[in-house]
Amino acid sequence: MNWRLRVGLAMSIMGLLFVSALACFVLLLDRKTEAMGSVSEDMVWSTYQFDREVMKVELAMREAAADPSEAHMEALRLNVDILISRLMILREGQMVKLLAEAGLYPQLIDVVSRADRIVAEFDSIDQDGKLADRTLYLAGLLKRLRNDTSEITALANQARADHISDSRAQDVRIYLIMGGLVAAMMVAMLGVSWLLFRQIREIENSRTNLTLLSDKLRDAAARAEAGSRAKSEFLATMSHEIRTPMNGVIGMTDLLLEGQLDARQRHRALTIRKSAEHLLDLINDILDFSKLEANRVILQESDFSLTDLVESVPEMLVARAAEKDLELVVTLYPEVCRDVRGDASRLRQVLVNLVGNAIKFTDYGGIEVVVRPGESDIDRIRFEVIDTGIGIPEEEQIRLFQLFTQIDGSDTRTRGGTGLGLAISKRIVDCMGGRIGVSSTPGSGSVFWFEVPLPPTGAIHQMVPPQLRGRSVALVSPRDFLGRTLHHQLRVMGFSVDLMNTDAAAQLSYGGQHDLLITDGLLLLPPALQSLPWLTLPEAGAEAEALKRVAQQQGRVVLVRPLTPRHVLRALSEVMGLEPIELDELPRVRAPAAALSAPAAAQPAAPRVLVAEDNPVNQQVIAGFLELVGCDLEIVGNGTEAVAAVRRGPFDVVLMDVQMPGMDGLEATRRIRALGGHGMTVPIVALTANAMPGDERRCLEAGMNGYVAKPVDRVRLSAALRPYIPLRGDLPAPGSVGDLINLSQLGGLVETLGETAVDRLLQTFTKDSLMRVRAMRLSWTQGGAQGGGDHVRAELHSIVGAAVGIGMKRVTLLCEQIRDAVIANVGSEVERLLDLLEAVLNALPVTWKAINDAVASAETVLPPSSSSSGDRNGQVIPLRKPGA
Amino acid sequence: MNRGLTDGGRFWAKVLGAVVLICGLALGGATAALAQDGILPKPAGAVILTLKGNIKFTNTGDKAEFDLAMLEKLKGRVAPVKTPWADKETTYEGPLMSAILDAVGATGTTLMVKAINDYVAEVPMEDMTRYPVILATKRDGKKMTVRDKGPLFIIYPFDLDPALQNEKIYNRSVWQVKEITVN
């Protein structure tokens, strides 16, 4: 029942109630009036009294007739007076009306007039003094009158009875009506009660519904939470699945970069590397998107070179631009070429988003990226991505930064993309405390811009080499966009630029006012210009041909896309005969060229590394790295094999993938630790793709010493392994303290155990090892290679086990050499090395102070944890200076 | 019968009645002297009312007899009332019942009022103290004969309290009163 109907019903019920109540009241009032009307002298009483008085007068007359004494006469007169007073009652007042109403008026008139006449006759007879004679006569008159008064009394009685029964009938009628009205009231009351009941029931229902709803909502929330958890797990799994092949890409690219590459190959390999890194960033961004949705972006701020960041963006997108024959030009104002503080990854994400979008929605011309100081705030930097695309109508511009929005829904298929980009960008820019916006004219392109605070942390880099500053450039381009944007870029870098179209250039007869020439395409130019150093931008896709052609020509250089300041400056430097500018701005991995070329025999024994990793690509990547740094490898594909391998022979370190088919890395680690002996001490470093918090803890709890997050690259691997094994290429010069001891490792020990404990540890180690040396010497001299060899090797193993744990590099090295000598059965060498070992051991306490000083100079390390200290603490902590 | 009395006349009659009432009240102190020292004077004229029963002051045996003059000396009021026994509003005038009862030192709860034709009605004493009930001696300024329901007529103050217009009170409105017995 809808509320309108219900209100109508309630109103009618109330109306009925009201009308009934009113009607009852009116009826009762009417009845009251009626009752008031009947408040009167009873006519029956009056007529009866009259009749009685008539009889009394008649009686008095008859008495007077019998005995006409004065007393009787007086009594008679009094009776007549009383009769007269009664007569008056019947003549006026209510009684007349009542009798008339009763239909007795004619009889009343008759009786009253006859009585009047009799009384008048009585009075006249009395006045005449003949009363005594005429009493009988008068009595006869009265007797006849009395017949009529008796009759009128009877009639009045009848009338009263009629009136009473009428009244009763009327009462019955009224009671019936009132009963009806009361019934109506009861109905109304019932209706009201019913409505109230319904109301209460509905309130109860709605309360029940609310409870149900809140239950449902709670369920839905729980489901949503579960869904969200599932999504997080899905994303984590996906990121893992994507990261693993990415390891291959990045690792292989790194290996490629280690090889002999020419500049172009190098550039391409670097681009692969950068794109792969960006892809990884994107995966992280997808992971972050849930956080973005929940409105909690965590900015990871660091100091970075804004120049490098901006330069890296078109590198990633130049191929896409080239596919559509679009030019990408980057203009960097000199003021922004510096180190700044901010979230580089997020900033790059926004830039890639905007430039990617611009490429998507531009079919002719190109995209110019302009980075300049903010318009109002010096700490703010303004990024503009200007395209010559389809543009955006003004009414669409507002919606652009909302979720899942593209300018035209129907365009999604042709343009592609999720529509998430701008929304994410806006969130990020908002989080950075910046602003983002767009201005556009449909048909002539758009300018997407954002301004974010990026406080400078370093001085401005001088990008332009001094020799190039202020040079005059003749820029010839038939294409408006390229000419304009390149002109802008060069002018901003301080060049003096003459932009001309082909015709204008053809008119030029003298090129003397220009220092160099830049042409868009392989143009035919007047000789005056041809003599200038000449930079050519070949058509997209025609670079190879251009390079071939230009290679033969002196003073001509090909401009390589994308047209970022670095590329242009490098080409300019080259064409002007200056030192080429290095393009590679990756963290430089110092190629161990010398180590590679040096004969392996001259090196100490290679550290043995067990690699447990199921993915063949990763196996190769890791193997590639480890071989480069001079490690001896054994590779296994699962946990079971890893445990078996450790049981078989000693390793200096185990690299253990956490997720492997069959027995996983954590279980394998636990089993290795359970083996006892070497298994308890061998350092195990986890390899994991799950960059999830908690992974590290689980690894350490399983008994691992360290942790490397995939994708694995040289730097990370080196950092993770360096505490445990000497890596070729960073071995210290012989004779230095570092040669003797792994400073970082010992520093870590000092950090975790304290200086005195380490002191004691060293003393114990020295004493124990010296005993073992003596034992070995005895075995060797008595048993020789056949008898004593095994014993010597066992002793050596023990010493190495301990030495590795406390970073006794030199001792470890010597032990390896002794072992090799034992195996080779070179007795003199064994003895010489044993002597050396003894000397080194004896020297240890003496050089403790020197070690302390050396440790004090160390900066930060990955402390070795459990294997040596028993403390499963794997955190990266800065080393405090011992004794500080 | 003043059938020609206009509304305006009736109004002035009311005013007059009120004035008379006030005067009557003012004279109360003087009339109270009727029963000096508990001795009720003997009636000089024809006796028209006899009180008996539970009374303190008497003048004839154990009765107290009144003539018209004695009654007219008592504190009274003028009551312009509408009764069922007359068509028009009628002005009755006479001593207050309470004054008569005070004059005889009546104590009791019930008055048995007897009419000339020996009709007897029972009237609560309380009425007399609650309402200024009069024993009318005059109607419209004239003495009432027996034929005019005189000479004495108990008139309740219908003019002051219309709620008195009911059968119970009408039955107590005895006319042609000749004797009151205080019980």
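The numbers here are math on the coordinates, done by the rules we state, and not lab data. Treat the numbers as computed from the prediction; the structure is a model and nothing was measured. Note that we place each Cβ from the backbone using ideal geometry, even for glycine, and neighbour counts take in every protein chain shown.
Please give me the summed charge of the neighbours of A:Ser798: other residues whose Cβ is under 9 Å from its Cβ, Lys and Arg +1, Asp and Glu -1. Local net charge: -1. Taking amide H atoms as placed 1.01 Å from N in the peptide plane, the amide H of B:Asp87 lies under 5 Å from those of A:Gly93, each 5 or more residues away in sequence or on another chain. The reciprocal of the average 1/r between distinct C-alpha atoms defines the Kirkwood hydrodynamic radius, which for the stretch A:603-721 equals 13.9 Å. Remark: mean inter-chain Cβ contacts per residue of B:143-152 equal 4, using a 10 Å Cβ-Cβ cutoff to other protein chain atoms.
In order along the stretch A:476-487, the phi-based Karplus estimate (6.51 cos²θ - 1.76 cosθ + 1.60, θ = phi - 60°) of 3J(HN,Hα) comes to 10, 9, x, 9, 4, 4, 5, x, 4, 6, 5, 4 Hz; Gly and Pro are listed as x. Placing dummy labels 7 Å off each Cα toward the beta-carbon, the span from A:Asp128 to A:Leu578 is 17.4 nm. Between amide H atoms placed 1.01 Å from N, distances below 5 Å from A:Ile381 occur with A:Gly374, A:Val452, A:Leu454, all of them 5 or more places distant or on a separate chain. Between the beta carbons of A:Arg491 and A:Gln659, assuming R0 = 45 Å, the FRET efficiency works out to 0.25 to the nearest 0.05. Within a straight-line Cα-Cα reach of under 25 Å, A:Lys767 can be paired with the following lysines, leaving aside sequence neighbours fewer than 8 residues apart in one chain: A:Lys809, A:Lys849. Residue ranges A:154-161, A:561-568 sort as A:561-568, A:154-161 when ordered by packing (mean number of other C-beta atoms within 10 Å per residue, highest first). Counting only Cα atoms, the size of the stretch A:3-197 along its three principal axes is 96, 25, 21 Å, in decreasing order. In this structure, the amide hydrogen of A:Val636, modeled 1.01 Å from its nitrogen in the peptide plane, lies closer than 5 angstrom to those of A:Val611, A:Ala612, A:Glu613, counting only residues at least 5 positions away or on a different chain.
Note that the stretch A:660-666 has calculated 3J(HN,Hα) couplings of 9, x, x, 6, 7, x, 5 Hz, one per residue in order, obtained from phi through the Karplus relation 6.51 cos²θ - 1.76 cosθ + 1.60 (θ = phi - 60°); glycine and proline are x. Here the Karplus curve 6.51 cos²θ - 1.76 cosθ + 1.60, taken at θ = phi - 60°, turns the phi angles of the stretch A:833-838 into couplings of 5, 4, 4, 4, 4, 4 Hz, with x standing for Gly and Pro. Of the peptides A:486-493, B:152-159, the order by per-residue mean of other Cβ atoms within 10 Å, starting with the highest, comes out as B:152-159, A:486-493.
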